[in-house]
Amino acid sequence: MIARKAVAGAVVAVSLFIAHDAGATPRYVDRLLTLPGPVAGTIDLDGSIAWTEQSVTGCGNCSFVGSGFNVEGVLGIANRVDIGLRVGFRGFDDNLRINEGVISNADAYARPFDQLAFYGADAGIYGNEDVSNPELRVRVRILNLRRVFELGVEARGIAPFATGTAFTQVVGVPMALHLGHHVRFDFGGYTGFTFFGQPRGALFTFYAPAAFWFQVHNRVWLGPELGFRWYSQDIYGDRDPFDLMVGFGLGVSCTHWLDFKFQAYAPRVNDGAHWFGAGAGVQFYFN
């Protein structure tokens, strides 16, 4: 009797697990660069914690630990066009009246899998206030070769609401290579332009993000992230005017309308262990 109950319980558990898989969002490595149409959408709610070590007036060479939060909404149209809007929040002030979330760029870590969100020390792009400059982006998928190789075009505009910032335009080509149903390689190239006026002039940036994703279960994917960014101005003082980035991401498809994402990231490993953070959050799907 006990054995039959155990077998029956196992059958029920397996059945529920299979049903849960059937109701999950599509396997991440099979997803396209843009949301499925005719109309779809996502809402992201993410939080993060970040650490940095910097020299700041009134403190000297100090360590700062800040928190960040990100809110983003994306609307997908006709299976080929995504339109997204997002904004970040940073906190909190310490006893020196320094917002450690701003110093550590904490809101950037609250944007899992988006390596373009990282930026150098006071580059004048997202601002140095409690609320970051909002970002509007448009992505269009223009090529899909047998669901193996995808090519898109993307444009981002970052509005200069914060003091000391200027409008930033980022344009580029996102690409994805689907290697069967277990591996996906995301990569691309982007250029950014910010004109501050005199005497600072224009800031040009070049971004080259990349990530390998491995589908280790129908609902679970993970993999390393790599990136390179070059700045036309020496925003770090006498140090390298470029960033070498390394990270790790993990995602879980919980239901057909909900994903969980996690990311640990070091956005400047070429300058020693002075920047590090981790973020996690949920993404809600509507279709």
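Laboratory data are not the source of any read-out in this text; all were calculated from the coordinates shown. Here the structure is a predicted model, which means the values were calculated and not measured. A quick note on method: Cβ atoms are made from the backbone with ideal geometry, for glycine too, and the neighbour counts reach across all protein chains shown.
Under a Cβ-only charge scheme (Lys and Arg +1, Asp and Glu -1), can you give me the dipole magnitude of segment 203-265 about the Cα centre, in debye to the nearest 20?
Computed about the Cα centre, the dipole is about 300 debye.
Going from the alpha-carbon gyration tensor of segment 21-166, what semi-axes, largest first and in whole Å, does one get by taking the root of 5 times each eigenvalue?
35, 16, 13
Enumerate the calculated ³J(HN,Hα) couplings along segment 139-153 in order (Karplus 6.51 cos²θ - 1.76 cosθ + 1.60, θ = phi - 60°), each rounded to whole Hz, writing x wherever the residue is Gly or Pro.
10, 10, 8, 10, 8, 9, 8, 6, 6, 10, 10, 10, 9, x, 10
For Leu85 and Arg31, what does the FRET efficiency come to when R0 = 30 Å and r is the distance between their Cβ atoms, rounded to the nearest 0.05?
Rounded to the nearest 0.05, the efficiency is 0.90.
Tell me, what is the percent relative contact order of the chain, built from C-alpha pairs under 8 Å that lie six or more residues apart?
18
With springs only between Cα atoms under 10 Å, which of Ala264, Ala40, Ala106 fluctuates most in a Gaussian network model of the chain?
In this elastic network of the chain, the residue with the biggest mean-square fluctuation among Ala264, Ala40, Ala106 is Ala40.
As a check on your grasp of the helix formula, calculate [θ] at 222 nm for the chain: sum -39500 (n - 2.57) over DSSP H runs of n ≥ 4, divide by the residue count, round to the nearest 500.
-3000 deg cm²/dmol
Select from Ile98, Asn144, Asn133 the residue farthest towards the positive end of the dipole of the chain; place +1 on Cβ of Lys and Arg, -1 on Cβ of Asp and Glu, and compute about the Cα centre.
Ranked along the dipole, the leading option is Asn144.
Please state the charge dipole magnitude for the chain, taken about the Cα centre, from unit charges on C-beta atoms (+1 on K and R, -1 on D and E), reported in debye and rounded to the nearest 20.
In total the dipole reaches around 1220 debye.
Can you tell me the order of 232-241, 184-193, 158-167, 82-91 when each peptide is scored by its average per-residue count of other Cβ atoms within 10 angstrom, highest first?
Ranking, from highest mean packing down: 82-91, 184-193, 158-167, 232-241.
Where in segment 32-63 does the label zone of Arg239 land, with the point 7 angstrom along Cα→C-beta and an amide N cut-off under 15 Å?
The answer is 51-57, 60-63.
Take peptides 222-231, 42-51 and line them up by average Cβ neighbours within 10 Å, highest first, as a rough protection proxy.
Top of the packing list down: 42-51, 222-231.
Looking only at segment 200-224, which residues have a backbone nitrogen under 17 Å from a spot 7 Å from the Cα of Ser232 in the C-beta direction?
Correct set: 200-208.
Report, to the nearest 10°, how far helix 2-22 tilts away from the longest principal axis of the Cα atoms in the chain, using its own Cα long axis and a range of 0 to 90°.
So the helix axis and the longest Cα principal axis differ by about 50 degrees.
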